[in-house]
Amino acid sequence: MIDGRAVDQGARIGVVADDADYRVAAAELPASVRLVDEADGAILVIAGDASVRAGSAPVAVLLADPPMTGRSGREALPPGIPVIVDRARLRPDVAVDVGARSDAVLFTAECTAATARVDEAVRDAVGWLRVISAGEIGVDAVHATGTGAIALLRAAGCPATVSVTVLADPSAKTRLRVLAVGPERVEVTVDGIGEASVALSSEAGRLTFPTRRESRRRVALRRAVEAASSRFASDLDDLEHDERVAREILHAYKQPLSPT
């Protein structure tokens, strides 16, 4: 929406992106976007810990791999601007494959990451629990271990757990494994920067979903175009929810052990 008017869905929307991967993704969508230099009236890609430029008037903002800084940038945006969040380990198209498992009786998540990556890894594990349970996550208890933490949670009224293992090797790959246990067992595994697999097990056997081949940057840009055209709901609420829960879990791990 520009000056109160919705973006023409037949028009090519400008994209401002310094990151090379998103510039490539924009070039792969020539029918819907074009690279421009000015953010006004365009989709603005903010990569990493860069900040939203005050005073600009984009039609949508795409936050790419935001770190756990505690600053979503919401305060710098004009009211009503949709924000798409591109998280390498939480692809929205894979989340559609998983769907909400309302018949599950237990949700679990396992998270393994190097020290420098554990914050975002736990946040994304919480995000998968939110997706697969289709509800907010509540924290009942967190216990520090010698190598991480274990959290007892509530997900859509069902019990849930998260186990966090922090690896000393700085080159160790991040790995997430999320389960929904019920009449069917759904397993999501994410290795490295975002190679995700989804498997469904039941009495009939095991089904592995096809791997999504479209780059996540293209997926994110397509969602940003839809957001600019239809006023799609912002991803910020989900991002802030996941960070809030992750901080509660990480607090136990990062606090020094109290003397007994």
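The values are calculated or read from the model by the stated rules, or taken from the named source; none is laboratory data. Just so it is clear, the model here is predicted, and its values are computed rather than measured. Here the Cβ positions follow ideal geometry from the backbone for every residue, glycine too, while neighbour counts run over all protein chains shown. With ligands, DNA and RNA removed, areas are computed over all heavy atoms of the protein, side chains included. Shrake-Rupley method; radii C 1.70, N 1.55, O 1.52, S 1.80 Å.
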*Considering only strands (runs of 3 or more DSSP E) fully contained in the range 179-241, which possess at least 1 residues that are within 26 Å of Asp18 (Cβ to Cβ)?*
195-202
*Considering Val198, Val188, which residue is over 22 Å from Ala47 (Cα atoms), within 15 Å of the chain's Cα centre (by Cα) and among the hydrophobic types (A, V, I, L, M, F, W, C)?*
Val188
*asked:* Can you find, within the range 68-84, the residue that is modelled with the lowest pLDDT among those that are of a type outside the set (A, V, I, L, M) and farther than 24 Å from Arg222 by Cβ?
replied: Arg71
*Qualifying residue in the range 142-150 (condition: under 20 Å from Glu187 (Cβ atoms) and surrounded by fewer than 22 Cβ atoms within 10 Å (Cβ to Cβ))*: yes
*Subset of the range 29-67 that is in a loop (DSSP other than H, G, I, E, B), among the hydrophobic types (A, V, I, L, M, F, W, C) and surrounded by 14 or more Cβ atoms within 10 Å (Cβ to Cβ) - its residue that is modelled with the lowest pLDDT*: Val52
*In the range 233-254, the residues that are open to solvent by less than 80 Å² (accessible area, probe 1.4 Å) and not small (Gly, Ala, Ser)*: Asp235, Leu236, Asp238, Leu239, Glu240, His241, Asp242, Glu243, Val245, Ile249, Leu250, Tyr253
*Which of the residues belonging to the range 76-108 are part of a helix (DSSP H, G or I) and free of Cβ contacts under 8 Å to residues at least 60 places away in the same chain?*
Ala76, Ala95, Val96
*For the range 109-120, how many residues are in a helix (DSSP H, G or I) and buried (at least 24 other Cβ atoms within 10 Å of the Cβ)?*
1
*Yes or no: Arg212 touching a Ser or Thr at 6+ places or on another chain (Cβ under 7 Å) and open to solvent by 80 Å² or more (accessible area, probe 1.4 Å)?*
no
*Kindly list, by first and then second residue, each pair from a residue in the range 214-243 that is closer than 17 Å to Arg89 by Cβ to a residue that is aromatic (Phe, Trp, Tyr) and crowded, with 20+ Cβ neighbours inside 10 Å, limited to pairs with Cβ atoms under 8 Å and residues at least 6 apart or on different chains.*
Arg217/Tyr22; Ala220/Tyr22
*Out of the range 17-28, which residues are within 15 Å of Arg223 (Cα to Cα) and either open to solvent by 20 Å² or more (accessible area, probe 1.4 Å) or modelled with pLDDT under 95 (or both)?*
Glu28
